[in-house]
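Asker: Would you mind keeping the following structure in view while I ask a few things?
The values are calculated or read from the model by the stated rules, or taken from the named source; none is laboratory data. Fair warning: this is a prediction, and the values are worked out from it, not measured in the lab. Counting neighbours? That spans all protein chains shown, and the Cβs are built from the backbone with ideal geometry, glycine included. When the accessible area is computed, the model is the full protein with side chains, heavy atoms only, and any ligands, DNA or RNA have been set aside. Shrake-Rupley method; radii C 1.70, N 1.55, O 1.52, S 1.80 Å.
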Amino acid sequence: MFARIQRAAEQIRHFRGDVGRIVSGRWWRWSTLWTNASVWTNAMYRWDRGGYLLFGSAWTAVRPLNFPVFLAFRAMGARGDIHYKADIDEGLLILHPDLGVVVSAAAVIGKNVVLTGGNCLGRRAGATDEPYIIGDDVQFGANATVIGPVTIGDRVTVGAGAVLLSNASDDAVLVGVPAKPTK
């Protein structure tokens with residue numbers, strides 16, 4: 001039970017890392033931070049993920065009791081749909097979350113990932129249960145889509161409107177439909 005509590009509490013540390021990315025070392029951003037929709041989208045995901053890590057599969061039964069909390073997050077501007085089973089490390093930065101961000105349960109995402117409005121990270125219908133993996137320091141342009149299962153390396157940039165259907169190696173810049181590395 002202690003391990004579950006520890007893993008759930010780790011979401012607080014991850015949220016602090018998320019907020020740190022939003023503030024980006026500029027002290028004056030703290031004054032308006034709590035009106036930022038990205039903060040509330042991250043907070044809602046971290047709350048949901050923490051509950052899942054604490055309660056396990058029972059979270060689906062306990063989750064409806066959190067409706068007032070989720071309603072408050074939505075009222076403050078949380079617009080993303082990030083599944084609580086998605087495993088996202090700290091430093092998640094969501095730019096323009098009002099345009100919508102969707103992350104499915106099969107995601108395993110590294111540190112310092114940037115999602116931009118309109119991103120959809122999911123997997124093909126009928127795909128295996130294997131997760132799709134996104135490395136550290138990956139950036140997604142507006143409306144970029146990942147249809148997995150795929151593995152994306154570290155420091156990858158997926159251009160705006162790109163549709164990624166296959167694996168990407170480290171340091172790649174991908175554009176187009178389907179997304180291909182630039183030269």
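Asker: How do the helices (runs of 4 or more DSSP H) wholly within the stretch 1-64 filter down when requiring 3 or more residues that are closer than 20 Å to Asp98 by Cα, in contact with a strand residue (DSSP E or B) (Cβ under 6 Å, 6 or more places away or on another chain) and open to solvent by less than 90 Å² (accessible area, probe 1.4 Å): which remain?
Answerer: Numbers: elements: 2-23, 37-55, 59-62.
It comes to 37-55.
Asker: When the residues of the stretch 91-103 are filtered to those that are assigned to a loop (DSSP other than H, G, I, E, B) and open to solvent by less than 30 Å² (accessible area, probe 1.4 Å), which remaining residue is farthest from Val146 (Cα to Cα)?
Answerer: Within the stretch 91-103, the first condition is being assigned to a loop (DSSP other than H, G, I, E, B), and the residues that meet it are 91-92, 96, 100-101.
Filter once more, keeping what is open to solvent by less than 30 Å² (accessible area, probe 1.4 Å): 91-92, 100-101.
Details: Gly91: 20, Leu92: 17, Gly100: 15, Val101: 12 Å.
Once the filter is applied, the top-ranked residue is Gly91.
Asker: Shifting gears a bit: Which members of the stretch 169-183 meet the condition of being more than 24 Å from Gly100 (Cα to Cα) and of a type outside the set (Lys, Arg)?
Answerer: Ser169, Asp170, Asp171, Ala172, Pro181, Thr182
Asker: Next question. When the stretch 117-148 is examined, which residues are found to be of a type outside the set (D, E, K, R), more than 16 Å from the chain's Cα centre (by Cα) and closer than 19 Å to Asp87 by Cα? Before the answer, list the steps.
Answerer: Step one: of the stretch 117-148, the residues of a type outside the set (D, E, K, R) are 117-122, 125-128, 131-135, 138-148.
Within this subset, residues satisfying the condition of being more than 16 Å from the chain's Cα centre (by Cα) are 125-128.
Ala127, Thr128, listed by residue number.
Asker: In the list Arg63, Arg21, Arg79, which residue meets the criterion of being under 26 Å from Arg4 (Cα atoms) and basic (Lys, Arg)? Walk me through it before giving the result.
Answerer: Details: Arg21 fails: under 26 Å from Arg4 (Cα atoms); Arg79 fails: under 26 Å from Arg4 (Cα atoms).
Result of the check over Arg63, Arg21, Arg79: Arg63.
Asker: Under 8 Å between Cβ atoms, which residue pairs at least 6 apart in sequence (or on different chains) link something in the stretch 18-41 that is closer than 18 Å to Leu115 by Cβ with a partner that is acidic (Asp, Glu)?
Answerer: Taking only residues 6 or more apart or on different chains, the pairs are Asp18/Glu90; Ala37/Asp98; Val39/Asp18.
Asker: I've got another one for you. Within the stretch 75-85, track down each residue that is more than 11 Å from Asp98 (Cα to Cα) and over 13 Å from the mean Cα position of the chain (by Cα).
Answerer: Ala75, Met76 - these are the residues of the stretch 75-85 that are more than 11 Å from Asp98 (Cα to Cα) and over 13 Å from the mean Cα position of the chain (by Cα).
Asker: Can you work out which of the residues in the stretch 158-178 that are among the small types (Gly, Ala, Ser) and without any contact (Cβ under 8 Å) to a residue 24 or more places away in the chain is nearest to Asn143 (Cα to Cα)? Let's see the steps before the verdict.
Answerer: So in the stretch 158-178, the residues among the small types (Gly, Ala, Ser) come out as 159-162, 166, 168-169, 172, 176.
Then drop every residue that is not without any contact (Cβ under 8 Å) to a residue 24 or more places away in the chain, which leaves 159, 161-162, 166, 168-169, 172, 176.
On the way: Gly159: 9, Gly161: 5, Ala162: 7, Ser166: 17, Ala168: 18, Ser169: 21, Ala172: 18, Gly176: 12 Å.
The selected residue is Gly161.
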